[in-house]
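Every read-out reported here was derived from the displayed coordinates using simple, explicitly stated rules and does not represent laboratory data. Owing to the predicted nature of the structure, the values given are computational and were not obtained by experimental measurement. No Cβ is skipped: glycine too gets one built from the backbone with ideal geometry, and neighbour counts run over all protein chains shown.
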Amino acid sequence: MTVVALRAFALDLATPLSTAAGDIETREGLLVRVDLAGTTGVGEATPLPGWTESLPECRAALERARDEGTPPGPETPAARHAVTSAYRDAFARRSGRSVAATLARDGDGADDATGPAASSVPVNATVSDGSAADTVAAAEAAVESGYRTVKLKVGARPVEEDIERVRAVDDARNASRADGDAVTLRVDANGAWDRPTARRALAALDGLVEYVEQPLPAGDLAGHAALRGVGAPVALDESLTRYGVREVIAAGAADAVVLKPMALGGPSRALAAGHAAAHAGLDAVVTTTIDAAVARTAAVHVAAALPGGDQRAHGLATGDLLAEDLITTDPVPVENGRIAVPTGPGIAGDAFDELVK
Ligand SMILES: O=C(O)CCC(=O)c1ccccc1C(=O)O
Ligand SMILES: [Mg+2]
């Protein structure tokens with residue numbers, strides 16, 4: 001397999017995503033085209049410092065891959081994501097199957113046969129930090145458009161205000177809920193809290209939210225282990241990226257894990273982490289780092305290939321956070337809170353080929 005072309009892109013968000021770790025306003029990255037014995041594959045690197053290498057480091061790794069044939073290593077996960085997902089694309093296209101079909105078939109070894117990939121996956125709406133009124137309005141709009149899981153960014157304001165925000169959304173969901181039409185809430189603190197604050201939040205949010213994502217800083221595995229059972233379940237995202245799934249499992253630090261293929265080095269690695277989590281009895285959710293269409297679509301295939309991937313909402317509804325995307329027709333639009341998994345060969349057939357010549 002050879003990297004034959006690179007192309008840089010930059011995309012603004014429609015409105016900045018406001019989180020406890022700062023605002024995300026723009027996403028820049030590179031598209032990669034590979035050749036696998038005459039078959040084309042396209043992949044995307046959209047680095048996000050804090051989660052991955054920087055853009056210059058990513059570009060340098062991809063230029064080395066193109067010019068010297070050196071595969072990007074674990075220190076440049078976004079570059080590795082681009083090359084390995086392009087390879088998955090080409091490999092699947094060669095056999096006329098979708099990436100999800102090839103991933104589900106490959107599994108994580110023979111003992112991990114997981115059955116066919118899901119044909120669609122549920123996704124959560126992603127709601128920025130904001131006032132209680134703005135948060136309720138955004139959550140209601142999401143539910144109105146069909147989402148059944150809503151994730152609120154928390155940790156950017158005093159914890160009592162965040163608890164009030166969640167209670168306000170809960171009140172609204174109970175007031176408007178028709179029978180059998182439950183709405184699930186989850187929150188993401190992006191590592192903002194200290195241990196006492198996290199204890200307070202998890203106790204107060206018990207029964208209100210499905211889980212609290214990354215309540216404590218990434219490095220505090222022991223703190224997360226001690227938080228389990230205090231109240232709402234714990235999901236780890238930044239810690240998973242930093243330590244890997246095996247250390248998180250060994251530390252007993254999480255009830256669920258959040259898998260970002262861009263930060264983990266590509267679809268196959270993200271899927272392997274999901275299998276390891278499932279073996280240990282942990283739920284796994286796939287999300288983007290607010291990627292462009294190629295990586296977002298690749299991540300949908302990963303979610304579809306996970307055991308139980310069609311059960312729990314994934315953080316893949318991030319396309320609408322962008323003001324514009326690489327192509328005008330979204331291959332993975334959200335409809336009624338779900339994304340249909342593309343069935344054509346590869347990530348999305350030849351939909352991306354024109355983008356990187
Ligand atoms: O999970 C989602 O709903 C969307 C993805 C998301 O929140 C995110 C996007 C970019 C960087 C970090 C994160 C995060 O999950 O912390
Ligand atoms: Mg997160």
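Whose amide H sits under 5 Å from the amide H of ARG97, counting only residues 5 or more places off or on another chain, with H placed in the peptide plane?
Answer set, sorted by chain and number: GLY346.
Expressed in whole Å with the largest first, what are the equivalent ellipsoid semi-axes of the chain derived from the C-alpha gyration tensor as the square root of 5 times each eigenvalue?
Three semi-axes, in Å: 32, 21, 20.
Highest first, please rank the peptides 153-161, 319-327, 300-308 by the mean number of other Cβ atoms sitting within 10 Å of their residues.
300-308, 153-161, 319-327
What percentages, rounded to whole numbers, describe P(r) for the range 197-240 computed over all alpha carbon pairs with 5 Å bin width beginning at zero?
Result, from short to long distances: 6, 28, 37, 21, 8, 0 percent.
Identify which of TYR243, TYR211, TYR147 has the largest mean-square fluctuation in a Gaussian network model of the chain, with springs joining Cα atoms closer than 10 Å.
Ranking TYR243, TYR211, TYR147 by mean-square fluctuation puts TYR243 first.
Quick one: compute a quarter of the convex hull surface over the Cα atoms of the range 206-287 and quote it in nm².
So the Cα hull casts an average projection of 4.7 nm².
Positive end of the charge dipole of the chain (Lys, Arg +1 and Asp, Glu -1 on Cβ, about the Cα centre): tell me which of ALA351, GLY69, PRO158 has its Cα farthest that way.
GLY69
Which three semi-axes in whole Å describe the equivalent ellipsoid of the range 34-155, each the square root of 5 times a Cα gyration tensor eigenvalue, listed largest first?
Each semi-axis is √(5λ); the values are 34, 23, 12 Å.
Mind checking which of ALA218, ALA14, ALA118 has the largest fluctuation in a GNM of the chain, springs on alpha carbons under 10 Å?
Of ALA218, ALA14, ALA118, the most mobile in the Gaussian network model is ALA14.
At a 10 angstrom cut-off on C-beta neighbours, averaged per residue, how do the peptides 340-348, 227-235, 128-136 rank from highest to lowest?
By packing density, highest mean first, the sequence is 340-348, 227-235, 128-136.
Angle check, please: helix 159-176 long axis (alpha carbons) against the longest principal axis of the chain (alpha carbons), in degrees 0 to 90, nearest 10.
Here the helix axis deviates by roughly 90 degrees.
For Cα pairs less than 8 Å apart in space and 6+ apart in sequence, what is the mean separation divided by the residue count of the chain, i.e. the relative contact order in percent?
Relative contact order comes out at 22 percent.
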